[in-house]
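Participant: One structure is given below, represented as C-alpha cells, and several questions about it will come after.
The values are calculated or read from the model by the stated rules, or taken from the named source; none is laboratory data. Note that the coordinates shown come from a computational prediction; the quantities given were computed from them, not determined experimentally. Note: ideal-geometry Cβ built from the backbone for every residue, glycine included; neighbour counts use all protein chains shown. For accessibility, only protein heavy atoms count, side chains too; no ligands or nucleic acids. Shrake-Rupley method; radii C 1.70, N 1.55, O 1.52, S 1.80 Å.
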Amino acid sequence: MMLGCNNKKPAEQEVLALKEMNDLATVEYVVTKIIKTNDDKTWYKFGDRKILMSCQASIKAGIDFSLLNADHIKISGEEISVELPGAKMLSINIKPEDIRVEYEEVGFLRQSFLQAEKDLLLTQGENQIKSSVASLGVIETAETNAAAFVTQFLKKLGYKRISITFVNDYNNKPPKG
Amino acid sequence: MLRSFKSVIILALLLAAIIFLFRKMDLIPSWKQLFGSAPLAIDQTPVLIKEINELASLITVTGYDEVVVDSISADPAQVAIKAITGLPLNPFSPLYRKLVLIARGQVICGTDLKKMTDSSIRVFKDSVAVFIPPAEILDVIVNPSGFETFIESGDWSDEAVKAVKVKARNKMRDRAMQQQLTAKANQRAVMLMTNMLQASGFKKVSITLNAKR
C-alpha cells in the first residue's frame, strides 16, 4: 500500500520537458506551398502514383530577450540606447486542418499513399519552407517590428530619445561602452 | 573437358572479382538498391506569402510533449453485411480500420503584449507600474514531422486522419492546461518584465496581471 502511494507520479512528470523562454515574437508570416511528387522511379513497380497536396504554414520570428542584459542598455537622462540580438525564426506551425490533398492518382497495380508516406512528403515540404525563411524576408521584418515595439514601449516609460541597434554576433561581441 | 571446366571456374572467379571491385568503387548498384523502392521525394515548388501579421508576444514557457491517439471504426461493407444478415460484428476482424499515431509537439505559452494599452504603463519619477495581460497558450504545434504512424490498417480518408491529428493536438493542449503551464508563464512574465524595467533604470517596479476577461 505504502509503495503504491509512493509510486504515484506527480503531475509535473507528464509533460515531456519544460523550457523557460524569453522570446519576443514580432512577426507572423502565413505562407502556402504546393507539395507534389510522382512515384514512378522504382523499375519493378508497374504503373505510377501521383499526389498533389497544398498546405498553409505559419512562421513566427522574433528576438531572444534572454541574451539581453544591463550592459546592452545605456541610459543618459532622457536618452536610452539598446542593443538587441538579431532576430531568428522561432517556430513553424503547419496545422492538420491547413493540409489538403488536392489530387491523387494511383495506378491499377499500385497501392494508395499511406498516411506515413504522406507525412514523409509533408515533412520534406516543412523543411523546404524552413529553408526559405531567409529569402522571404522574415528576419528583416521581425527586426523592424521588434525595434518599433521596443521604441514604443520605452516612449511610454518616458524616454524621449531612443536608439535601437541589432547585433547579429550578440554573444561574441562585447556591448558598446 | 577438364581444361574447359577450369576455364569456366577462372572466368566465374574473374567475374565475381570484377563485380566485387565495381561494388566497392560504387560503380554498380547493390542488390538492396536494385530491388529497393526508390525514395519518395517532392519537387521544388515556391513558397508564397499569404499574409504578414505584426505580433508582440512574449514567449515565456514551452512544453515539449508526446501523446498517442488512436481511432478505430468498422468497415462500411461489414456494417452493410451485418444489416443484411444480422450477424454480429467481429471486433478482431481485419475489416476493422485502425489508426494509431504518436504525436510529438510543443505547447507555447506567453503573454500577448499587444493587448496592453496606454493606461497599462504608469510612470512616476523612478517608479513604474505595469499591468500585463494574463498568459495564455499561444500555439500548440504538431507539425507533419512530429507525427509517427504506429498502426494503419484499412483505408483512411484525409478527413478522418485530420480528425485524429486534431485530437492529438487537443490532447496536448489539455495536458498543458492540467499542468498549469499558463500559471508558470505568468510567473516568468512578471519576473522578466521586472528585470527588464530594472535594467531600464527604474528603482521601484510593480507588475500586475490584469484579471482574465
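Participant: Determine the pairs where a residue that is farther than 20 Å from A:Thr26 by Cα, located within region A:57-80, has a partner that is part of a strand (DSSP E or B) and open to solvent by 60 Å² or more (accessible area, probe 1.4 Å) with Cβ atoms under 8 Å apart, the partner being 6 or more residues away or on another chain.
Facilitator: Matching pairs, first to second residue: A:Glu78/A:Arg161; A:Glu79/A:Arg161; A:Ile80/A:Lys74; A:Ile80/A:Arg161.
Participant: Now, a different point. Please state which of the following conditions B:Gln180 fails to meet, knowing it meets all the rest: (1) farther than 30 Å from A:Lys155 by Cα; (2) buried (at least 16 other Cβ atoms within 10 Å of the Cβ).
Facilitator: (2)
Participant: Please specify each residue of region A:67-97 satisfying the condition of being outside any strand (DSSP E or B), under 21 Å from B:Glu54 (Cα atoms) and open to solvent by 10 Å² or more (accessible area, probe 1.4 Å).
Facilitator: A:Gly86, A:Ala87, A:Lys95
Participant: Moving to a separate point now. Within region B:146-182, restricting attention to residues that are free of Cβ contacts under 8 Å to residues at least 24 places away in the same chain and under 24 Å from A:Glu20 (Cβ atoms), which residue is nearest to the chain's Cα centre (by Cα)?
Facilitator: B:Asp174
Participant: What number of residues in region A:22-55 are modelled with pLDDT of 85 or more, at the interface with chain B (Cβ under 7 Å from one of its Cβ atoms) and either within 19 Å of B:Gly63 (Cα to Cα) or surrounded by fewer than 20 Cβ atoms within 10 Å (Cβ to Cβ) (or both)?
Facilitator: The total comes to 8.
Participant: Can I ask one more? Is one or more of the residues making up region B:29-48 part of a strand (DSSP E or B), at pLDDT 80 or above and at negative phi?
Facilitator: Within region B:29-48, one or more residues are part of a strand (DSSP E or B), at pLDDT 80 or above and at negative phi.
Participant: I need a count of the residues in region A:57-66 that are more than 9 Å from chain B (Cβ to nearest Cβ) and surrounded by fewer than 20 Cβ atoms within 10 Å (Cβ to Cβ).
Facilitator: Selection size over region A:57-66: 1.
Participant: Please tell me if B:Val68 is closer than 22 Å to A:Leu18 by Cα, modelled with pLDDT of 70 or more and either exposed (fewer than 15 other Cβ atoms within 10 Å of the Cβ) or out of contact with any strand residue (DSSP E or B) (no Cβ under 7 Å at 6 or more places or on another chain) (or both).
Facilitator: yes
Participant: A further question on this structure: Among the residues of region B:94-143, what is the count of those that are polar (S, T, N, Q), facing chain A (nearest Cβ under 9 Å) and more than 27 Å from B:Lys167 (Cβ to Cβ)? Please lay out each step first, then the result.
Facilitator: Step one: of region B:94-143, the residues polar (S, T, N, Q) are B:106, B:111, B:117, B:119-120, B:127, B:143.
Applying the additional criterion that residues be facing chain A (nearest Cβ under 9 Å) yields B:106, B:120, B:143.
Cutting the leftovers down to more than 27 Å from B:Lys167 (Cβ to Cβ) gives us B:120.
Number satisfying all stated conditions: 1.
Participant: Among the residues of region B:192-210, which ones are under 18 Å from A:Asp23 (Cβ atoms), more than 8 Å from chain A (Cβ to nearest Cβ) and open to solvent by 40 Å² or more (accessible area, probe 1.4 Å)?
Facilitator: B:Asn195
Participant: Let me ask something additional. Out of B:Ala168, B:Ala185, which single residue is modelled with pLDDT of 90 or more and touching a Gly at 6+ places or on another chain (Cβ under 7 Å)? Reasoning before the result, please.
Facilitator: Numbers: B:Ala168 fails: touching a Gly at 6+ places or on another chain (Cβ under 7 Å).
Just a single option satisfies the conditions, and that option is B:Ala185.
Participant: Looking for something in a helix (DSSP H, G or I) and open to solvent by 50 Å² or more (accessible area, probe 1.4 Å) - is there at least one such residue anywhere in region A:155-175?
Facilitator: Yes: one or more hits.
Participant: Right, here's the next one. In region B:129-143, is there at least one residue being closer than 30 Å to B:Asp75 by Cα, open to solvent by less than 30 Å² (accessible area, probe 1.4 Å) and in contact with a Cys (Cβ under 9 Å, 6 or more places away or on another chain)?
Facilitator: Checking region B:129-143: not a single residue is closer than 30 Å to B:Asp75 by Cα, open to solvent by less than 30 Å² (accessible area, probe 1.4 Å) and in contact with a Cys (Cβ under 9 Å, 6 or more places away or on another chain).
Participant: Filter region A:103-140 down to residues that are facing another protein chain (nearest Cβ under 10 Å) and small (Gly, Ala, Ser) and give me whichever is least open to solvent (accessible area, probe 1.4 Å).
Facilitator: A:Gly125
Participant: May I pose another question? Just to verify a result, which residue in region B:144-159, among those that are surrounded by 15 or more Cβ atoms within 10 Å (Cβ to Cβ) and under 29 Å from A:Ile59 (Cα atoms), is farthest from the other protein chains (Cβ to nearest Cβ)?
Facilitator: In this case the residue turns out to be B:Gly146.
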